[in-house]
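Chemist: What follows is a single structure, and I will ask about it in a moment.
The values are calculated or read from the model by the stated rules, or taken from the named source; none is laboratory data. Treat the numbers as computed from the prediction; the structure is a model and nothing was measured. FYI the Cβ positions are ideal-geometry reconstructions off the backbone, even for glycines, and counts take in every protein chain you see.
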Amino acid sequence: MDNQRIASASNNSGIVEGSQRKPVDATAASLMLLFCLVLGFQQVAIKGVAEDISPIVQMALRSAMAGCLVGVLAFWRGIRWRDVQRHWAPGLLVGLGFATEFAFIAWGLTYTLASHMSVFLYTAPIFAALGLHLWVPGEQLSIRQWWGVGLAFAGMVIAMAPSGAYGIEIIIGDALGLLAGLSWAVTTVVIRKTSLSEAPAELTLSYQLSVTVLLLLPVAVMSGQLMSAQFVPMAVASLGFQALIISFGALLLWFTLLRRYRASQLGVFSFLAPLFGILFGTLLLNEPLSINFLLGGSVILLGIVLVTR
């Protein structure tokens with residue numbers, strides 16, 4: 001989740017920014033901090049148990065578990081099969097984008113560091129802003145935002161520049177992280193351009209999780225990765241965290257905040273997620289940080305802030 005996914009969520013749930021929403025107070029700020037902490041821990045949770053359960057299997061299983069929970073929630077809130085049929089075409093596209101994003105994350109984490117993936121994945125707001133500028137009326141970029149786009153792309157070049165601290169595998173993984181961010185951005189544009197912009201968020205998330213399971217689970221089975229998975233306690237705990245806390249609980253927290261507070265102010269906090277990703281990757285996985293990655297990552301984050309604030 002970043003500002004673009006947050007923006008999509010606010011449109012999906014039919015919530016309109018307005019004066020009836022409260023400005024962010026200390027409670028909302030504290031909960032958003034918790035929200036970003038959870039998102040920042042996501043890549044570390046995947047990478048930390050990758051030797052026991054491959055990332056692609058983790059993505060498939062967590063999507064299946066979270067999908068069941070979201071399905072129950074959607075049914076409880078009155079969403080029925082006719083609603084699923086009504087939006088099936090854009091739902092399929094959004095699901096494909098979501099599955100592609102997860103596949104690139106899983107593939108990329110076999111090459112690169114969790115801290116790197118956290119930064120490159122969160123380039124999604126930049127790609128989404130460009131797509132919305134081109135295809136969605138009223139979403140054109142301002143001069144300040146164009147500066148942000150330029151800074152973000154300059155930061156990508158700096159962060160991915162060859163360094164003595166990293167080999168070619170890290171660069172490959174970083175590139176896959178960028179492709180994951182691009183896939184995330186495509187999903188945002190599809191939602192904004194189709195009937196899903198007026199559909200309940202639970203329905204859109206159901207499409208995303210369902211298609212992800214249908215695509216990634218067979219890959220995990222046919223590649224033998226599911227059968228070779230070792231469900232040791234730490235790996236099971238990581239899967240539970242990813243499914244219950246990240247894919248389900250964090251979304252509910254966001255919607256709760258969105259109903260009470262101004263989305264534009266809440267969204268500013270989202271750039272903290274990649275910072276927490278770097279912090280957790282360094283502290284918990286002992287991942288090294290090169291000078292060019294730190295410099296490039298800082299420039300990327302500055303660009304994201306200019307584009308999305």
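Chemist: Output the number of residues of segment 120-170 satisfying the condition of being of a type in the set (D, E, K, R) and either outside any helix (DSSP H, G or I) or in contact with a His (Cβ under 7 Å, 6 or more places away or on another chain) (or both).
Modeler: Matching residues across segment 120-170 total 1.
Chemist: How about segment 187-219: which of its residues are within 23 Å of Gln58 (Cα to Cα) and under 15 Å from the mean Cα position of the chain (by Cα)?
Modeler: Selection gives Thr187, Thr204, Leu205, Gln208, Leu209, Thr212.
A quick yes/no check of all residues on (1) surrounded by fewer than 23 Cβ atoms within 10 Å (Cβ to Cβ); (2) under 20 Å from Ala199 (Cβ atoms); (3) of a type in the set (D, E, K, R):
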site	(1), (2), (3)
Leu31	yes, no, no
Val38	yes, no, no
Lys47	no, no, yes
Glu51	yes, no, yes
Val57	no, no, no
Ala89	yes, yes, no
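Chemist: Tell me whether segment 118-125 contains one or more residues that are touching a residue at least 60 places away in the same chain (Cβ under 8 Å) and touching a Lys or Arg at 6+ places or on another chain (Cβ under 6 Å).
Modeler: There is no residue in segment 118-125 that is touching a residue at least 60 places away in the same chain (Cβ under 8 Å) and touching a Lys or Arg at 6+ places or on another chain (Cβ under 6 Å).
Yes or no, residue by residue, for (1) buried (at least 16 other Cβ atoms within 10 Å of the Cβ); (2) at pLDDT below 85; (3) among the aliphatic types (A, V, I, L, M); (4) over 19 Å from Val38 (Cα atoms):
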{"position": "Leu266", "(1), (2), (3), (4)": "yes, yes, yes, no"}
{"position": "Leu272", "(1), (2), (3), (4)": "yes, yes, yes, no"}
{"position": "Ser290", "(1), (2), (3), (4)": "yes, yes, no, yes"}
{"position": "Leu295", "(1), (2), (3), (4)": "no, no, yes, yes"}
{"position": "Leu301", "(1), (2), (3), (4)": "yes, no, yes, no"}
{"position": "Val307", "(1), (2), (3), (4)": "yes, yes, yes, yes"}
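Chemist: Something else now. Filtering segment 106-147 down to residues that are more than 15 Å from Gly281 (Cα to Cα) and of a type in the set (Val, Ile, Thr), which residue is modelled with the highest pLDDT?
Modeler: Step by step, filter segment 106-147, then rank; the result is Ile143.
Chemist: Turning to a different aspect of this structure: So which of Leu258, Leu279, Leu252 is at pLDDT 75 or above and among the hydrophobic types (A, V, I, L, M, F, W, C)?
Modeler: Leu279
Chemist: Kindly establish whether Ser183 is among the small types (Gly, Ala, Ser), within 20 Å of the chain's Cα centre (by Cα), modelled with pLDDT of 90 or more and within 23 Å of Phe35 (Cβ to Cβ).
Modeler: Yes; evaluated as a whole, the condition is true for this residue.
Chemist: Would you please name the residue that is nearest to Ile245 (Cα to Cα), looking only at residues in segment 59-82 that are in a helix (DSSP H, G or I) and without any contact (Cβ under 8 Å) to a residue 12 or more places away in the chain?
Modeler: Going through the qualifying residues, I end up with Cys68.
Chemist: Residue under question is Thr112, and the condition is that it be buried (at least 21 other Cβ atoms within 10 Å of the Cβ), in a loop (DSSP other than H, G, I, E, B) and either touching a helix residue (DSSP H, G or I) at 6+ places or on another chain (Cβ under 8 Å) or not hydrophobic (A, V, I, L, M, F, W, C) (or both); does it hold?
Modeler: Taking the combined requirement at face value, the residue satisfies it.
Chemist: Taking into account only those residues within segment 220-248 that are assigned to a helix (DSSP H, G or I), closer than 18 Å to Ile56 by Cβ and aliphatic (A, V, I, L, M), which is modelled with the lowest pLDDT?
Modeler: Ile246
Chemist: In segment 131-151, what residues are among the hydrophobic types (A, V, I, L, M, F, W, C), in contact (Cβ under 8 Å) with a residue 24 or more places away in the chain and either over 15 Å from Ile191 (Cβ atoms) or surrounded by 20 or more Cβ atoms within 10 Å (Cβ to Cβ) (or both)?
Modeler: Leu132, Leu141, Trp147, Val149, Leu151
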